[in-house]
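Worksheet for the structure shown next.
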Amino acid sequence: MTSRDARSKSENALGAAEESPGETPASETASDETPPARTPAIRTTDLTKEFGQFVSVEALSVEIAPGETVGLFGPNGAGKTTLLRMLAGLTRPTRGSVRIHGTEFDLDEQRLRERIGVVTHESMLYDDLTARENLRFHARLHGLDGVADRTEVADRTDADRTEVARLRAVGVRRGGADLLRGVDLDVGHREHLAVLGPNGAGKTTLLRILATELYPTSGEVQVLGTTFGRGDLRELRPRIGLVSLALDRLLDARMPALPLVAAARIGATWPPPGLLEREGLAAAATRALARVGAGHLAQRRVDTLSQGERQRVRIARALVIDPALVLLDEPFAGLDLGGRESLLADLDRLLAEPGGPTVVMVTHHLEELPVGVRAAVLLRDGRRVAAGPATEVLADAPVSEAFGLDVTVRAHDGRFAATVRHGS
């Protein structure tokens with residue numbers, strides 16, 4: 001059989017597939033009324049594809065109704081795959097046209113591609129990416145940012161309902177010094193965690209690992225479902241909000257708070273011209289500021305704000321991306337008592353949000369912990385001293401061991417305080 005014969009048989013098969021078994025011909029119906037015509041799901045007109053002198057598909061005109069399932073049969077070289085590729089917009093025809101639900105491909109290619117799924121026998125997947133990472137990659141490759149966003153939301157929902165982070169035997173060695181040694185840690189969904197310990201304990205190093213900024217020297221790390229070394233950490237970073245004074249040098253504090261927060265939504269440290277005119281950005285930044293009690297600061301220049309107000313703007317920048325995980329590195333540094341208690345009240349509200357992110361907070365002081373903190377880990381000299389529920393970890397013996405002091409810990413109304421016991 002020649003390729004032309006095969007194409008003819010395929011064309012006949014397509015035509016036959018349009019007739020439903022047992023359907024009464026129009027001439028035999030009792031009524032002379034003609035039912036309204038339905039727009040075909042697929043219509044090709046004189047569709048032709050040539051590769052040099054070889055004609056793969058020749059003058060093919062078919063119609064496929066909505067809801068029909070059609071099979072393409074023929075030997076190798078009959079033009080089946082070429083036809084599918086033209087129907088999917090992956091290969092342009094030499095002549096003729098393709099209409100999908102009444103719209104010609106050349107007139108609205110992008111919108112039509114969003115409505116067509118293609119499955120081939122050829123492997124288009126990368127073995128070192130997860131299934132969802134492959135989906136996001138191919139969606140973005142074809143300009144389907146909305147689809148990529150939906151897979152991220154699904155991924156976030158799956159991961160965040162189980163385990164946000166898991167560390168096993170994690171070590172970090174730099175310049176001959178062990179910054180972390182054999183640390184195990186689990187961070188559950190919405191189990192807000194406090195990381196405490198003296199200076200040099202490894203708290204900020206641990207936070208940088210959770211922020212995907214630092215690879216461990218040894219051990220295994222998984223954050224938001226992605227294991228370090230087995231997935232693209234760049235895909236995780238838009239889902240992690242980091243609040244640190246160290247980032248201030250990247251920001252232009254002469255800007256008003258609103259555009260500076262909006263800039264974080266697009267991953268920028270400064271707002272480009274016309275940023276707030278982009279759809280949704282001003283509203284998102286306004287909501288983020290309101291979540292930390294800073295809505296009234298929207299038009300204030302950041303360099304005119306108090307330390308507590310600046311910290312709220314920093315946290316709003318982290319929240320504006322709708323993160324799954326927020327990391328706070330000593331959020332109360334430089335605040336007086338009133339400023340600390342005011343920010344604590346705002347953080348308590350944030351931690352209580354039903355759909356809010358999981359929060360990990362580094363601090364030296366038990367008095368700085370919001371009521372919503374449910375878990376704690378104590379570090380000393382890069383080692384884990386204790387980890388678990390805050391009410392168990394933040395007790396006299398573990399805290400005394402972590403800080404190397406004889407400490408008494410008191411708890412009242414969900415808040416903690418520590419004092420050193422001096423010998424009489």
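The values are calculated or read from the model by the stated rules, or taken from the named source; none is laboratory data. Since this is a predicted model, take the numbers as computed values, not measurements. Quick reminder, even Gly has a Cβ in these numbers, built from the backbone with ideal geometry, and neighbours come from all protein chains shown.
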Discussion item. Here are the criteria: (1) assigned to a helix (DSSP H, G or I); (2) touching a Pro at 6+ places or on another chain (Cβ under 9 Å); (3) more than 19 Å from Ala290 (Cα to Cα). Tell me which single one Val362 does not satisfy.
Written reply: (1)
Response to the item:
Counting only residues that are without any contact (Cβ under 8 Å) to a residue 12 or more places away in the chain and among the hydroxyl-bearing types (Ser, Thr, Tyr), the stretch 272-311 contains a total of 1
Response to the item:
Those residues of the stretch 59-84 which are surrounded by 15 or more Cβ atoms within 10 Å (Cβ to Cβ) and modelled with pLDDT under 85 amount to none
Worksheet item: Any residue in the stretch 265-272 that is touching a helix residue (DSSP H, G or I) at 6+ places or on another chain (Cβ under 8 Å), outside the structural domain of Pro331 (by TED's automatic domain parsing) and at positive phi?
Response: yes
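I'm trying to understand the selection: among the residues of the stretch 299-323, which are touching a strand residue (DSSP E or B) at 6+ places or on another chain (Cβ under 7 Å) and not in a helix (DSSP H, G or I)?
Scanning the stretch 299-323 gives Gln299, Arg300, Arg301, Ile321, Pro323.
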Worksheet entry | Residue count for the stretch 253-295, restricted to those that are of a type in the set (D, E, K, R) and loosely packed, with under 14 Cβ neighbours inside 10 Å | 4
Item to complete: Go over the candidates Gly388, Gly414 one by one and state the one that is within 26 Å of Glu341 (Cβ to Cβ) and either surrounded by fewer than 20 Cβ atoms within 10 Å (Cβ to Cβ) or among the polar types (S, T, N, Q) (or both).
Response: Gly414
Item to complete: Go through (1) in the same structural domain as Leu185 (by TED's automatic domain parsing); (2) within 25 Å of Asp348 (Cα to Cα); (3) crowded, with 16+ Cβ neighbours inside 10 Å; (4) in contact with a Lys or Arg (Cβ under 8 Å, 6 or more places away or on another chain) one by one and return the number of the condition Leu242 breaks.
Response: (4)
Discussion item. When the residues of the stretch 405-424 are narrowed to those that are in contact with a strand residue (DSSP E or B) (Cβ under 7 Å, 6 or more places away or on another chain) and not in a strand (DSSP E or B), which ends up farthest from Ala201 (Cα to Cα)?
Written reply: Arg421
Worksheet item: With (1) surrounded by 17 or more Cβ atoms within 10 Å (Cβ to Cβ); (2) under 21 Å from the mean Cα position of the chain (by Cα) as the list, and Ala201 as the residue in question, which single condition is left unmet?
Response: (2)
Fill in: Enumeration of residues in the stretch 347-381 that are over 28 Å from the mean Cα position of the chain (by Cα), closer than 21 Å to Arg166 by Cα and surrounded by fewer than 22 Cβ atoms within 10 Å (Cβ to Cβ)
Arg380, Asp381
